[in-house]
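Following: one structure in structure tokens, then a few remarks.
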Amino acid sequence: MTKKISIIGIGLIGSSIARAYRALESNIEINIIDKSISNLEKGKLNKLGNSFSEKVDSKIEGSDLVFICTPISAYENIFKKLNTLILSNSIITDVGSSKCKVIDLAEKILVNKVFVPGHPIAGTEKSGPENGFKDLFKDRWFISTYCKLCDDENINFVNSVWASFGSKTVTMKSKDHDSIMAITSHIPHLIAYNIVGTASGLEENIKSEVIKFSASGFRDFTRIASSDPTMWRDIMLSNKEEIIALIEKFNRDIKETLDAIKSDNGKFLFEKFKKTKEIREKIIEAGLDKF
Ligand code: NAP
């Protein structure tokens, strides 16, 4: 049974972990660290933890699990600070949305520490502890990945924690994780940021009409493009090889579509749109359209 955990970063994901744990084990001791005083205050107000601090310090020692739930650009300093603590009976884990760069960093910095890389495929476009909820991870995937700082037993333990939150769990190579996330999450966000960016660069009179008629597709892009800019800057930079390769492929596909439009090639357009409709039907068939 887990007696004490530490959560570094009490935002959407960190606060949802605290809530999920509280619902499962009311006696668990939860130590919360965040650089944002206002988020720490919100954490206190919502009774998310037993202790709260602005810095990674020795209060973390004695934790069974240490969850890193900050943007990825904060990891280097956090790993360095964790490395100075006695964490011989602790497992450090994280929730970051890219894995290869995170693992490189962890393997470079952490000495004699256990680190299990993790990523819950759950979230919303909102940030902060006020937006977290205990069932955020229910029926969603949690992906752990292999690395040199953990063994199967450590991975199984972390997977079992996420399974207790209601997640379906799977373990894979970090490279596979980053390739899959690039196409299913990172590129869609990049496209949303760009399409909304293009709209915001239109002339004023057209821009107000775009907002008025946004229900016809654009609105869905604005929801995705309202995701936290710090978090998404870090994801784009930390998974850049996969993202660059896919954007290059995407540009070639867009060029092909553009050429088809220019040459009135309706057959090409129809076949392309038919194929993509089939992908949507497969997602519905798998029951994955509800989230
Ligand atoms: P969030 O709501 O913005 O929360 C992050 C919290 O970490 C904020 O309170 C932030 O403070 C704090 N923080 C930043 N740097 C810190 C540091 N050096 N030390 C301590 N605290 C620090 O973000 P989130 O949505 O929970 O995302 C957190 C992580 O989860 C990211 O790595 C992301 O890739 C991953 N993730 C997110 C989602 C999602 O949909 N949101 C899904 C899966 C995984 P400030 O507000 O002052 O910066």
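The values are calculated or read from the model by the stated rules, or taken from the named source; none is laboratory data. All values reported here derive from a predicted model rather than from experimental measurement. No Cβ is skipped: glycine too gets one built from the backbone with ideal geometry, and neighbour counts run over all protein chains shown. For accessibility, only protein heavy atoms count, side chains too; no ligands or nucleic acids. Shrake-Rupley method; radii C 1.70, N 1.55, O 1.52, S 1.80 Å.
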Exercise. Output yes when any residue across the stretch 171-187 is in contact with a helix residue (DSSP H, G or I) (Cβ under 7 Å, 6 or more places away or on another chain), part of a loop (DSSP other than H, G, I, E, B) and surrounded by fewer than 18 Cβ atoms within 10 Å (Cβ to Cβ), and no when none is.
Key: no
Quiz item: How do the helices (runs of 4 or more DSSP H) wholly within the stretch 197-279 filter down when requiring 2 or more residues that are over 27 Å from A74 (Cβ atoms) and either in contact with a helix residue (DSSP H, G or I) (Cβ under 9 Å, 6 or more places away or on another chain) or touching a residue at least 40 places away in the same chain (Cβ under 8 Å) (or both): which remain?
Solution: 204-212, 218-224, 240-262
Quiz item: Just wondering, is there one or more residues in the stretch 136-145 that are open to solvent by 10 Å² or more (accessible area, probe 1.4 Å), in contact with a Ser or Thr (Cβ under 9 Å, 6 or more places away or on another chain), more than 21 Å from M231 (Cα to Cα) and not assigned by TED's automatic domain parsing to the domain that holds F213?
Solution: yes
Practice problem: Would you mind stating whether V66 is of a type in the set (A, V, I, L, M), closer than 22 Å to F157 by Cβ and either within 11 Å of the ligand (Cβ to nearest atom) or modelled with pLDDT under 95 (or both)? | Solution: no
Quiz item: Of everything in the stretch 98-121 that's in contact with a strand residue (DSSP E or B) (Cβ under 8 Å, 6 or more places away or on another chain) and among the hydrophobic types (A, V, I, L, M, F, W, C), which residue is nearest to S167 (Cα to Cα)?
Solution: I121
Quiz item: Out of (1) assigned to a helix (DSSP H, G or I); (2) open to solvent by less than 20 Å² (accessible area, probe 1.4 Å); (3) closer than 21 Å to G128 by Cα, the odd one out for F79 is which?
Solution: (3)
Quiz item: Within the stretch 89-102, how many residues turn out to be more than 14 Å from I13 (Cβ to Cβ) and open to solvent by 10 Å² or more (accessible area, probe 1.4 Å)?
Solution: 4
Self-check item: Only one of S174, S164 that is in contact (Cβ under 8 Å) with a residue 12 or more places away in the chain and within 15 Å of the ligand (Cβ to nearest atom)
Solution: S174
